[in-house]
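Working notes for the structure below.
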Amino acid sequence: MRRSMLFLPGSTPNKIINGDSMGSDAIILDLEDAVSPDEKDAARILVRNAIRDMGFDGVEVIVRVNALDTPYWKQDLDAIVPLCPDLIMPPKTTSAQDVLTLDAYIGELEKANGMEENSVKLIPLIETALGVENAYQIASASQRVSALFLGGEDLSADLHCRRTKEGNEIDYARKRLVCAARAAGVEVYDTPFTDVNDDEGIVCDAKYAKSLGFTGKASISPRHVSAINEVFSPTRAEIDHAYEVIEAITAAKAQGRGVVALHGKMIDAPVVARAEQTIAAAEALGLGREAR
């Protein structure tokens, strides 16, 4: 289960070598914004070697490559795709055509390296107004698209507004991305919280993102990882209730009853679906019934 994703600059070996010990479910090895132009080649080699040699036990590996309008993206993919990272994150994705361009090139690399087709998945980074408006088309453009990810900083700049901790300026984009991703049947991840030192703020921001339907949230600081993991993990009470719901509906079906109530509340299809989602998340985290 991917609740938290931690950005690590691709030019910082001291951070990368500790990538699997910071508590996040995934790490994003960044070859784009966190790397200056004169360090692109060195960062690419460092990230390639780290993925090849380190293993990164217990965490998913995501690589943010450079954008399609730069001279670096093909070199990034040439170096990284043969190592089969869990996800490639293309930045500034604005259209389905962007996804199709990446899909075709990655497909060529997979074939050239004897890899299974669609081995490497995509998590497009949506960080422009055009990308937000095209979110569903982007999410449904290719089988490679596994999730969408909202980039709040660049989006705010594109909207000509100031990025704030309250996040009102990106509220529409958050809701639009969640709807687009769910309609396309893929996951969706929220932008990092802006203040690394605000421990209460990250909890509130993560809770709000979860309430909208986000799968998880990214972070630029290890300090925020534990709060994100906690918010996006089901509580013991939620897990127990989910099992009660499934038991009640199972018993009702066995008895041929069409109407089911639990603790005075009707159990309908959406309630069952949420219970199943909670149980799946709990079991993925080792928090299922047998863990009590």
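List of remarks:
- Looking at the chain, the DSSP beta bridges with both ends there are about 5 percent antiparallel.
- Prolate is the label for the stretch 236-291. Its Cα gyration tensor axes, ordered a ≥ b ≥ c, give a/c of at least 1.5 and a/b above b/c.
- Placing a label point 7 Å from the Cα of E60 along the Cα-to-Cβ direction, the residues of the stretch 134-178 whose backbone N falls under 14 Å of that point are 144-150.
- Gyration tensor (alpha-carbon) shape descriptor, the stretch 174-242, a/c threshold 1.5: oblate
- Full-extension gain in nm, Y243 to A269, via 0.36 nm per residue minus C-alpha separation: 7.9 nm
- The listed peptides 212-221, 275-284, 22-31, ordered by packing as a protection proxy, come out as 22-31, 212-221, 275-284 (highest mean of other Cβ atoms within 10 Å first).
- For the chain, the longest principal axis of the alpha carbon atoms and the long axis of helix 236-254 meet at an angle near 60°.
- Alpha carbon convex hull of the stretch 4-231, volume per residue in cubic angstrom: 115
- With contributions of -39500 (n - 2.57) from each DSSP H run of at least four residues, the per-residue ellipticity at 222 nm computed over the chain stands at -13500 deg cm²/dmol.
- Cα centroid of the stretch 64-111 to Cα centroid of the stretch 186-253, whole Å: 29
- If you count Lys pairs in the stretch 180-292 whose Cα atoms are under 26 Å apart, skipping same-chain pairs closer than 8 places in sequence, the total is 4.
- Whole-Hz couplings from phi, Karplus 6.51/-1.76/1.60, listed for the stretch 282-288; x for Gly and Pro: 4, 5, 5, 8, x, 10, x
- Measuring r between the beta carbons of N118 and A183 and using R0 = 22 Å, the FRET efficiency lands at 0.55.
- Each label point was placed 7 Å from the Cα along the Cα-to-Cβ direction; for T12 and K111 their separation is 4.0 nm.
- The stretch between K175 and R52, if pulled fully straight at 0.36 nm per residue, gains 40.6 nm over its current Cα-Cα span.
- Nearest 10 degrees, 0 to 90: helix 96-112 Cα axis against the chain principal axis: 70
- As a proxy for reagent exposure, V203, V120 were ordered by neighbouring Cβ count within 10 angstrom, fewest first; the result is V203, V120.
Bear in mind that the values in this text are calculations on the coordinates, not laboratory data. Since this is a predicted model, take the numbers as computed values, not measurements. Quick reminder, even Gly has a Cβ in these numbers, built from the backbone with ideal geometry, and neighbours come from all protein chains shown.
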